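The values are calculated or read from the model by the stated rules, or taken from the named source; none is laboratory data. Small disclaimer: the values here were computed from a predicted structure and weren't measured. Neighbour counts run over all protein chains shown; Cβ positions are idealised from the backbone, glycine included.
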Amino acid sequence: MLKKFFWMCSGADLDLLQKCSKSEQVKYAGIGGTVFFTAVMAFIASSYALFTVFDSVYIAIAFGLIWGLLIFNLDRFIVSTIKKQGKPRREFVQAVPRLILAIIIAVVIAKPLELKIFEKEINQVLLEQKNNLTLQNKEQIALQYYPEITRVESEIQNLNNTIQNKEKEVNDLYSTYIAEAEGREGTLKIGKGPVYTEKREKHDAMLQELQQIRLENKNQITEKEIILKELREKQSLQTANSQPIIDGFDGLMARINALNDLPWLPSFFIFLLFLAIETSPILAKLISQKGEYDFKFESQEYKVRTWVEQQKNQLDELLKTDVILNNKVYYDIADEEKVYTYKKQKAEELMQLQSDAFYNNQKEFL
């Protein structure tokens, strides 16, 4: 049962192959097995590739099954159309388009399986790329908000500097009138004289200005700190909203690009493996000698071709004979008076009917 299934996979004639030797049966069973298992690998590869796209097992299996059947049908067609003719050069020319198609199929099958085989290494590359993208994303978003945040921070700093400068002035005036009272500066007289009073009044006036500036600037600082907080919250929110896009950066194209960043030699050997599997049935047919099945198949085709040629020749001869007979029959009939009289009578009747019809039409018109 399994042997016949592999025969079917090879595209061979089951009835004809059953009459061949065991060696021929084994050869075509091997070719069919290669075709079948190539289709199985195509199913696995396409299912994994589609799973990375759709994130659904059922969709991946459904489309993977369709793709596997398509590859199976293509491989079966490629193998079945290569016919042994005993002329290696002609057979090779015949097989070149099929070899090119087999190479394309091998690439399509191998790439998704490479993605699965090197999944851990690809995940590491994708992790590094995601980290870089996260940093770049934060930097880009920060550049958007940087001018506004810098401006608000600068305004807050200017308001604080104004308060600090005014405090320094008040402190300096305080030190001045205290030194005057102690006799260390100014008039160098100990006690609270007129100069002390003047300096004290100047200090008190400046202190009131400081309190007023503190009140006004603190209110402005509070408002600007609220604005600064809102800007930073918007920046954080935009960063958080864009992060899922970066986290989802693991689709099929991203994984293929990540695979290209890995050393090429392991991937190349995997490709060669699938190329060998895909082209092995074709190469087996090209390399192998013309076998019993090929002779019987050629004989069967020759019988069909001969029968078709015979039928065509018979029809041609039948047509020629029929034309000759028809010409002879009509030639003999043309000399008979009876036929002439009958055709003349009918022609007269037809002309009378035409004349009557014309007369009736003219009468109705008038």
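Annotations
- Selection from the range 12-23 of residues that are in a helix (DSSP H, G or I) and crowded, with 20+ Cβ neighbours inside 10 Å: LEU17
- Within the range 187-201, considering residues that are in contact with a helix residue (DSSP H, G or I) (Cβ under 6 Å, 6 or more places away or on another chain) and within 26 Å of GLN164 (Cα to Cα), the one modelled with the lowest pLDDT: TYR196
- Pair list, Cβ under 8 Å, 6 or more apart: the range 331-354 residue surrounded by 10 or more Cβ atoms within 10 Å (Cβ to Cβ) and at pLDDT below 75, other residue outside any loop (DSSP other than H, G, I, E, B) and acidic (Asp, Glu): none
- TRP7 buried (at least 19 other Cβ atoms within 10 Å of the Cβ) and more than 17 Å from the chain's Cα centre (by Cα): yes
- Filtering VAL96, VAL152 for residues that are of a type outside the set (Gly, Ala, Ser) and either surrounded by 14 or more Cβ atoms within 10 Å (Cβ to Cβ) or in contact with a helix residue (DSSP H, G or I) (Cβ under 7 Å, 6 or more places away or on another chain) (or both) leaves a single hit, VAL152.
- Residue check, PHE77 assigned to a helix (DSSP H, G or I), at pLDDT 75 or above and surrounded by fewer than 15 Cβ atoms within 10 Å (Cβ to Cβ): yes
- Unmet requirement for THR34, which otherwise passes all of (1) among the hydroxyl-bearing types (Ser, Thr, Tyr); (2) surrounded by fewer than 17 Cβ atoms within 10 Å (Cβ to Cβ); (3) under 22 Å from VAL107 (Cα atoms): (2)
- Counting residues in the range 77-96 that are in contact (Cβ under 8 Å) with a residue 12 or more places away in the chain and under 25 Å from the mean Cα position of the chain (by Cα) gives zero.
Residue by residue, here is whether (1) closer than 17 Å to PHE72 by Cβ; (2) polar (S, T, N, Q); (3) in contact with a Cys (Cβ under 6 Å, 6 or more places away or on another chain) holds:
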site	(1), (2), (3)
LEU2	yes, no, no
MET8	yes, no, no
ALA12	yes, no, no
GLN18	no, yes, no
ALA29	yes, no, no
VAL35	yes, no, yes
ALA42	yes, no, no
SER47	yes, yes, no
